[in-house]
Every structure is written in C-alpha cells, then in structure tokens.
Amino acid sequence: MNSLVATSRNFQRAARLLGLDSKLEKSLLIPFREIKVECTVKKDDGTFMSYVGFRVQHDNARGPMKGGIRYHPEVDTDEVNALAQLMTWKTAVVDIPYGGAKGGIGCSPGELSMRELERLTRVFTQKIHGLIGTYTDVPAPDMGTNSQTMAWILDEYSKFHGYSPGVVTGKPIGLGGSLGREAATGRGAICAAEALLAEFGKSISELTFVIQGFGNVGSWVAKLIHEKGGKVIALGDASGAIKNPNGIDIPALIMHKTAGGALRDFKGVDVMDLYELLVHECDVLIPCALGGVFNRENAADVRAKYIIEAANHPSDPEADEMQILSKRGVVILPDIYANAGGVIVSYFEWVQNIQGFMWGEDRVNMELQKYMRKAFNNVKAMCKTHDCNLRMGAFALGVNRVARTTVMRGWE
C-alpha cells in the first residue's frame, strides 16, 4: 500500500469515528494547492540540466503550512501528498498553529557539487518564492537537504521580500536556527516513549531496546536511551545490523560511525540479518528509518512489547486493521505523535525568529517535553472517548482539531 493510500485510509477511519460530514471530509482530504515547477541549472562543466520541483500545500486552516523539502531521485507525488497531509494532522495532534506541506526536487544530491546544489536550490526558490513565506508556508530540511539548503532558500527569498529568517526552519544557528533542533525528533520520540511507558509503570532504565535506523534520528534516540540507563541490544541501518545482548556501547559506536565506519565493522558486537532486527526479542522496538517495515507478512513475528514509531509510516494500515500486533498485546505509539519533536522545535525556531529573541537549549528541551506530555494526555483522552487504539486516537485528535477550525472559519 503506497503512503498516500495509507494516510488517507487512516484519515477516513478517523473521520468515520468522529462522524464528520461527508462534504467536510472530502474537503479536508484535498490539498489546498499543488505546485510543480521546472528548474534548469548550469552544471560545473557548462552543460545544462533540468529538474522537476514539487510543493504540496495541504491545509492552512490552523496557520501557515509547514513541511520539509527533500532532494531524492525518486521524489514521488503520492508520497509528497501523503507527507503533506500527515503534517496537517501531526501539527494538530501536538497543538501547534500550523497546517501541512511537503516538497522536493527529483535529483540525486550525491551526484551534484555544492555549487550545483546551491544553484538548483536558488532556482527552485525563485520559482516558488511567491507561494511560501513566514505566514504562508514554512519549509524545513528533509531527506537529502540540510541547514545549508535552508540558508540558501533564506538568502534567495530575502532578495525578493527582505530579510525573513522565519521563512524556513532548520537553519544554521548563526542565521536564526534554534538550539536543540538537531536532536529534536529523537528527543521527542524519547519523551513520547517515557510518557507511554509511565502508563505501564515502567521506565527506560529497566528495559531493552532495538533501533532500526542509525541516521540523525536513530543515533539521537540511541544516545538518549544510553544516557537514561536503557540497554540498546540491537540496531541497524542500510549498511547492516548488529547486536549485543549485554548492550551496545553507544558513545563508542557514534564515534565509530562519525569517523566513517560501517556498523558491521564495529568491535564488541555480532552481525545480524537486517530482517532479524525487526523481529529481535526486546522490550521496545523503535523504527527510525524506512516506512512500511511492518506488514501482514512480518507483523506476527515481531517480539517487542512496545513499538515507538519514530519513522513515518513504518506500519502498513492493513496490518493495523487486521490487528496482528495488537492481538498479541503489542502497544504501538503512532508516528503522527511519536516523531513530532522535529516540527515542535521547528515551531519554536519560527517563534524565536518572529520575536527576535533566541532561547537557550534548556528552555527548548523543557518546552518540547511539555508539548509532548500534553499531547500524549490528549491522545489518551481521545482513545477513552472513542474506545480506540493510540493510532486512531491520535488521528481523531488531529482531524477533529482541523475540522473544528475549518468550520469556525466559515467553511460552509
């Protein structure tokens, strides 16, 4: 099931749960605007190349639209639509005043020089600058982009509209970026995990963890688990998977990875099959990378007690509807809430830019924890009201907030 069908199915289930008017349901599902632009840039060798850029702006009922820009050779319009829609519900779940958006350029960033990437970014910004803005649509980094990409967008946008640090988030600190942003998605996932585990009288320090993905999010999740006394017994990324029943030395592994080493070459661990990683026995399984990793073929083999979805779309809705995991007592904390730490701290960055007053890292982390705790309690209350699982509780919370705001603004 592709990501757009998956997201739409969860939305429709939540809409039925809430008893939404069918016309309002259809209106909420259709994107506010879809943008497709051609970007021709001069390469370093003097030749010209054309690329296609996308921006899907899903909904602006609750505030400016918000979402990442990714550079990837297979930027798919369905995926961009799905992620834009997901951002609408996600920002509503954690109650920050945004709607959802997503964008990207179909390119291979690893095959382009820094100068070529800069030229491409500036041309893309020139094509969409009239459709983004501090109070309209606020991009952020995503797959294949980073703080430098945001700096180029800020600079190019400012040529047309004056200095506007709030037009993007995820910027370098020196250009108005927020402290704590790099760790935000991982830290938010840990806040979410702590809130869930507390409901069962458990804490991170007494549990074992398996982490799928060891990029930015996965490495921060592993680091924070280690700092809190938890035991990461297995983890993996595209280069392979490793395990140690006594716990992996996370600080040493991060140093090894930073130095360019592959996971399979790390000392003091056993190499394992990537498929085995997802079904490895543990207390908590945290997918931090690819979508669609749990489906009806492998869900029955999962041996974790809790799943914290730090990745987007790790669970296929068909597996959810069949209740393969829930029938076996596995508790799933959904992505729409669990990985919202990044957009929450992006909101903090935007607020700081508008105020012209920057926060210390301790305040950023404290406010992040407050937002994640409050959101968990609201999701839990929605689950109780509608007698549903955490995923449907989170979707119902987000959809309900957007629907109510839409009606208040005079939808009919």
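Round to a whole number: what % of the accessible area of segment 16-105 belongs to carbon and sulfur, probe 1.4 Å?
49 percent
I want to check the label-to-label distance for Lys267 and Asp301. Put each point 7 Å from Cα in the C-beta direction and report it in nm to one decimal.
Once both label points are built, they end up 3.3 nm from each other.
Can you say what percent of the DSSP beta bridges in the chain, counting only those with both residues inside, are antiparallel? Round to 5.
If we restrict to bridges inside the chain, about 45 percent are antiparallel.
Treating only the Cβ atoms of Lys and Arg (+1) and Asp and Glu (-1) as charged, compute the dipole magnitude of segment 324-407 about its Cα centre; round to the nearest 20 debye.
Dipole of segment 324-407, to the nearest 20 debye: 480 debye.
With θ taken as phi - 60° and the coefficients 6.51, -1.76 and 1.60, list the Karplus ³J(HN,Hα) couplings across segment 147-162 in order, rounded to whole Hz; mark glycine and proline as x.
Along segment 147-162, the couplings run 4, 5, 4, 5, 5, 5, 4, 4, 5, 5, 4, 5, 5, 8, 10, x Hz.
With loop defined by DSSP as not H, G, I, E or B, and exposure as at most 12 other Cβ atoms within 10 Å, which is the longest segment of the chain clear of exposed trypsin sites (Lys or Arg not before Pro)?
Answer - 1-266.
Treating the beta-carbon of each Lys and Arg as +1 and of each Asp and Glu as -1, no other charges, what is the dipole magnitude of segment 186-330 about its Cα centre, to the nearest 20 debye?
400 debye
For a quick check, take a GNM of the chain with Cα springs below 10 Å and name the residue from Phe214, Phe200, Phe348 with the largest mean-square fluctuation.
Phe200
Mind putting a number on the dipole of the chain about its Cα centre? Charges go on the C-beta only, +1 for Lys and Arg and -1 for Asp and Glu, and I need it in Debye to the nearest 20.
1020 debye
On average, how much accessible surface per residue is there in the chain, in Å², for a 1.4 Å probe, leaving out ligands, DNA and RNA?
Accessible surface, normalised per residue, equals 42 Å².
At a Förster distance of 35 Å, what's the computed FRET efficiency of Ser326 paired with Asn146, Cβ-Cβ distance as r, to 0.05?
0.40
Calculate what fraction, in whole %, of the accessible area of segment 117-251 sits on carbon and sulfur atoms when a 1.4 Å probe is rolled over the protein chains.
About 52 percent, which is the carbon plus sulfur part of the accessible surface.
Expressed as a rounded percentage, what relative contact order does the chain have, with Cα pairs under 8 Å and six or more residues apart?
Contact order relative to length: 17 percent.
GNM on the chain, C-alpha springs below 10 Å: top fluctuator among Ile248, Ile35, Ile336?
Greatest mean-square fluctuation among the candidates belongs to Ile35.
Only loop residues by DSSP count here, and only those with at most 14 other Cβ atoms within 10 Å; note down the chymotrypsin sites (Phe, Trp or Tyr not before Pro) in segment 366-412 that meet that.
Trp411
So, R0 is 35 Å and r is the distance between the beta-carbons of Val351 and Asp21; what FRET efficiency does that work out to, to 0.05?
With a Förster radius of 35 Å, E is 0.55.
Write down, largest first, the equivalent ellipsoid semi-axes of segment 53-96 in whole Å, where each equals the square root of 5 times an eigenvalue of the alpha-carbon gyration tensor.
Calculated on Cα positions only, the semi-axes equal 21, 9, 9 Å.
Given Cys388, Asn377, Gln126, which one lies farthest toward the positive end of the charge dipole of the chain, if we put +1 on the Cβ of every Lys and Arg and -1 on the Cβ of every Asp and Glu?
With unit charges placed on the Cβ atoms, the residue in question is Asn377.
Percent of alpha carbon pairs in segment 8-97 separated by more than 23 Å?
36 percent
Would you look at the GNM of the chain, springs on alpha carbons closer than 10 Å, and say which of Gly67, Gly360, Gly215 moves the most?
Most flexible of the set in this elastic network: Gly360.
Modelled label-to-label distance, Ser158 and Thr47, 7 Å Cα→beta-carbon offset: nm?
In this crude label model, Ser158 to Thr47 measures out at 3.5 nm.
Can you tell me the FRET efficiency between Ser113 and Gln12 if r is taken as the Cβ-Cβ distance and R0 is 35 Å, rounded to the nearest 0.05?
Computed FRET efficiency for Ser113 and Gln12: 0.20.
Whole number please: convex hull volume per residue, Cα atoms of the chain, in Å³.
So the per-residue hull volume is 141 Å³.
Please sort by residue number the GluC sites (Glu not before Pro) in segment 23-94 whose DSSP state is loop and whose Cβ has at most 15 other Cβ atoms within 10 Å.
Counting only loop positions with at most 15 other Cβ atoms within 10 Å, the GluC sites (Glu not before Pro) in segment 23-94 are Glu74.
The values are calculated or read from the model by the stated rules, or taken from the named source; none is laboratory data. Since we're looking at a predicted model, the values are computed, not measured. Cβ atoms come from the backbone with ideal geometry, glycine included; neighbour counts cover every protein chain shown. Surface accessibility is based on the protein's heavy atoms, side chains included, excluding ligands, DNA and RNA. Shrake-Rupley method; radii C 1.70, N 1.55, O 1.52, S 1.80 Å.
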